[in-house]
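Trainee: Once you've had a glance at the structure underneath, I'll fire off some questions.
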Amino acid sequence: MIQIYVIAACVIVHLGGAISPDARGVVGLYVDSGGAVASGWWGMWVGVGNVLVLTGLWLVGQSVCVRAGRRMDTFGWGWARSQAELWIMGTRMLAIAVHAIAVLGFGWLGVVRSVIGDIVLLDEAVAVSPMIVFIVAGWWSVYPLDRRLREASLYRELHASADVALMRSRIGYVVNRVRESIGLVLIPIALATGALELFDRYSGGVWLAMDASTALAPYVELARMLAQAAIVLCVLAVAPGLVRLSWDLVKLEDGPTRRAIDEVLKARPVRVIGPLVWRTGGESVNAAILGAVWPFRYMVFTDGLLSRMSRRQIAAVAAHEVAHVKLHHMPWMIVSVIASLLGLGWVAGIVLWGVASLVGLWIESEFVSIGMSLVLLVPMALVFGMVSRRMEWQADAFAVKVMSEVAREVEDRQSLNVSAMEEVIQDAKVDAGDEARQLVVGELRSTSEKDDVVGGRVITSEAVHAMASALQAVADLNGMRTSSYSFRHGSIAYRQRRVIGLVGQPLGRVTIDRQVRLIKWACVVLIVAALVPMVVEVF
């Protein structure tokens, strides 16, 4: 969710600059004629008001975290951490609304430019900085709760003779979260924004020359759009290289874990640099493949994941990440966003036309356009979440298919029975009273009888066990309940049930593959239907 907040904050700043050339906001355009809004007093009140409201929201989250810490100390309520996280999430949503009001309503971006000027990327960075600071302050508040959970897990790790990582200081914890969550999206956004701003600033002469030409004038807008798209694609292609520099990455040395990952890459070849180990001090349990193209594509595992999960679980996680590359999920996510924007834009246009027909007045203004853009953000986000969750389910299914194939190629394959599965889950510090765990173990016990075909082209219970236990470990090691819902991924418990339901299914006939295929076709149809009128108009 943090990445969504950062993207939303940057989009709001971009829209603020689109309202008017001086970014004065709705108040400056439709209320004030240039008096108070243009004065220094107005800028001071806008800046101070923005900071005071965000500070008040942070104090609410801080008080909730302090109270949750007291409950954890007095009653041992681990769920108080999850409750505090919900409050923090709520304050962040309100902060995004405050940020939108400040930028779009009261011209916060224009205030910044009146002080420092319209310097490439700098004015946008200053305008978005209060929101970024607010997000970082939330991590500062949550740190004592995460430290309590980390201290509570030390006894289990010492009892199991496991490697115990040193706990970071509060500042180190916050810096690590910034590098992990904010840097991942802010670096590409900053590069793309700066490149586009430079392009617009220094390419004006080219477009004027084309517009003056009778033969080239009809193609000016199309050429500008294609050039901007090419710039964004180039920046996004090389951005992971800079993200890598901001993370503490080292090569994973040869050993059983490396060989387990290599087996997956052998079954489904993907050109990546790595696998690499991200040294987070054991705080983060995550894995990812960063980048869309080689040589700017990296396979990364955090040290917390590699040290606390079994080799089969790590292989399942690797197969899941490989799925996102082999199935081209990131490009299709971008396509789905474009398609939803076009489709919802049609709906909005029809609604505006209907309203205008009833009222007898058609209003064309930037205010209406910006307002409709903000309204469309909600359904666009819902579509994005729907598509994202289904691609996660497809990646889970892809992983169990790969694990089924890899297991047949290993001569000394060892079966992972239900008792071993229970032991793995218990080692991942699952609460014995967790209803989701009892449900998963019960379903695994029932599926162990379904997989009696060794060597057949079906999904095996062994592969399902590995993936389901990997999901369980990810939830437990991140302090999440399996029933907790994630906007982009859904709940761990639901993903486990979907994976368990794949036992015995043919490798080439998985339901989720058909669902994703339908989504892709729908996106293509929407985009083609939108481009045809544009092409006809140009040519």
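The values are calculated or read from the model by the stated rules, or taken from the named source; none is laboratory data. Quick caveat, the model's predicted, so the values are computed rather than measured. All Cβ positions, glycine included, derive from the backbone under ideal geometry; neighbour counts span all protein chains shown.
Trainee: Is it true that some residue in the range 250-266 is of a type in the set (Asp, Glu), out of contact with any helix residue (DSSP H, G or I) (no Cβ under 8 Å at 6 or more places or on another chain) and assigned to a helix (DSSP H, G or I)?
Mentor: Yes - at least one qualifying residue is present in the range 250-266.
Trainee: Here's something else I'd like to know. In the range 110-153, how many are aliphatic (A, V, I, L, M), surrounded by fewer than 16 Cβ atoms within 10 Å (Cβ to Cβ) and modelled with pLDDT under 90?
Mentor: Adding up the residues that qualify gives 8.
Trainee: Could you tell me whether any residue of the range 280-289 is among the small types (Gly, Ala, Ser) and modelled with pLDDT of 85 or more?
Mentor: Taking every residue of the range 280-289 in turn, at least one turns out to be among the small types (Gly, Ala, Ser) and modelled with pLDDT of 85 or more.
Trainee: Identify all residues within the range 499-518 that are surrounded by 17 or more Cβ atoms within 10 Å (Cβ to Cβ) and assigned to a helix (DSSP H, G or I); write none if there are none.
Mentor: Val499, Ile500, Ile512, Val516, listed by residue number.
Trainee: From Val406, Val402, Val378, Val355, grab the single residue that is surrounded by 17 or more Cβ atoms within 10 Å (Cβ to Cβ), modelled with pLDDT under 80, over 16 Å from the mean Cα position of the chain (by Cα) and part of a helix (DSSP H, G or I).
Mentor: Of Val406, Val402, Val378, Val355, the one residue that is surrounded by 17 or more Cβ atoms within 10 Å (Cβ to Cβ), modelled with pLDDT under 80, over 16 Å from the mean Cα position of the chain (by Cα) and part of a helix (DSSP H, G or I) is Val406.
Trainee: Here's a follow-up. Would you point out which residue out of Leu122, Leu145, Leu154 is in contact (Cβ under 8 Å) with a residue 60 or more places away in the chain and aliphatic (A, V, I, L, M)?
Mentor: Leu145
Here is a yes/no grid of residues against (1) surrounded by 14 or more Cβ atoms within 10 Å (Cβ to Cβ); (2) more than 30 Å from Glu151 (Cβ to Cβ); (3) in contact (Cβ under 8 Å) with a residue 24 or more places away in the chain:
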| position | (1), (2), (3) |
| --- | --- |
| Ser181 | yes, no, yes |
| Gly194 | yes, yes, yes |
| Leu198 | no, yes, yes |
| Ala209 | no, yes, no |
| Ser213 | no, yes, no |
| Glu263 | yes, yes, yes |
| Ala267 | yes, yes, yes |
| Ser284 | yes, no, yes |
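Trainee: Continuing with the same structure: Go through (1) in contact (Cβ under 8 Å) with a residue 24 or more places away in the chain; (2) assigned to a loop (DSSP other than H, G, I, E, B) and name the single condition Val300 misses.
Mentor: (2)
Trainee: Quick one: how many residues across the range 37-71 are part of a helix (DSSP H, G or I) and modelled with pLDDT under 85?
Mentor: The qualifying residues number 8.
Trainee: Name, by its number, the condition in (1) assigned to a loop (DSSP other than H, G, I, E, B); (2) modelled with pLDDT of 80 or more; (3) more than 24 Å from His328 (Cα to Cα) that does not hold for Glu462.
Mentor: (1)
Trainee: Test each condition in (1) assigned to a helix (DSSP H, G or I); (2) more than 24 Å from Leu186 (Cα to Cα) for Leu94 and report the one that comes out false.
Mentor: That leaves (2) as the condition not met.
Trainee: Within the range 128-136, is even one residue among the polar types (S, T, N, Q), under 20 Å from Ile189 (Cα atoms) and part of a helix (DSSP H, G or I)?
Mentor: Scanning the range 128-136, I find at least one residue that is among the polar types (S, T, N, Q), under 20 Å from Ile189 (Cα atoms) and part of a helix (DSSP H, G or I), so the answer is yes.
Trainee: Is it the case that the range 274-282 has a residue that's in contact (Cβ under 8 Å) with a residue 24 or more places away in the chain, within 17 Å of His328 (Cα to Cα) and in contact with a strand residue (DSSP E or B) (Cβ under 8 Å, 6 or more places away or on another chain)?
Mentor: No, there is no match, as no residue in the range 274-282 is in contact (Cβ under 8 Å) with a residue 24 or more places away in the chain, within 17 Å of His328 (Cα to Cα) and in contact with a strand residue (DSSP E or B) (Cβ under 8 Å, 6 or more places away or on another chain).
Trainee: Pairs please, first residue from the range 41-63 and under 19 Å from Trp108 (Cα atoms), second anywhere and aromatic (Phe, Trp, Tyr) and at pLDDT below 90, Cβ atoms under 7 Å, 6+ apart in sequence or on different chains.
Mentor: Hits for this filter: Val46/Phe106; Val46/Trp108; Asn50/Trp108.
Trainee: Return a yes/no flag: does the range 257-266 have any residue that is modelled with pLDDT of 90 or more, touching a Lys or Arg at 6+ places or on another chain (Cβ under 7 Å) and of a type in the set (Lys, Arg).
Mentor: no
Trainee: So, one more: For the structure I just gave you, tell me whether Ile363 is at pLDDT below 85 and either buried (at least 21 other Cβ atoms within 10 Å of the Cβ) or not hydroxyl-bearing (Ser, Thr, Tyr) (or both).
Mentor: Criteria met by Ile363.
Trainee: Let me ask something additional. Cβ-Cβ under 7 Å, sequence separation 6+ or interchain: first residue in the range 375-392 and polar (S, T, N, Q), partner assigned to a helix (DSSP H, G or I). Which pairs?
Mentor: Ser388/Met333
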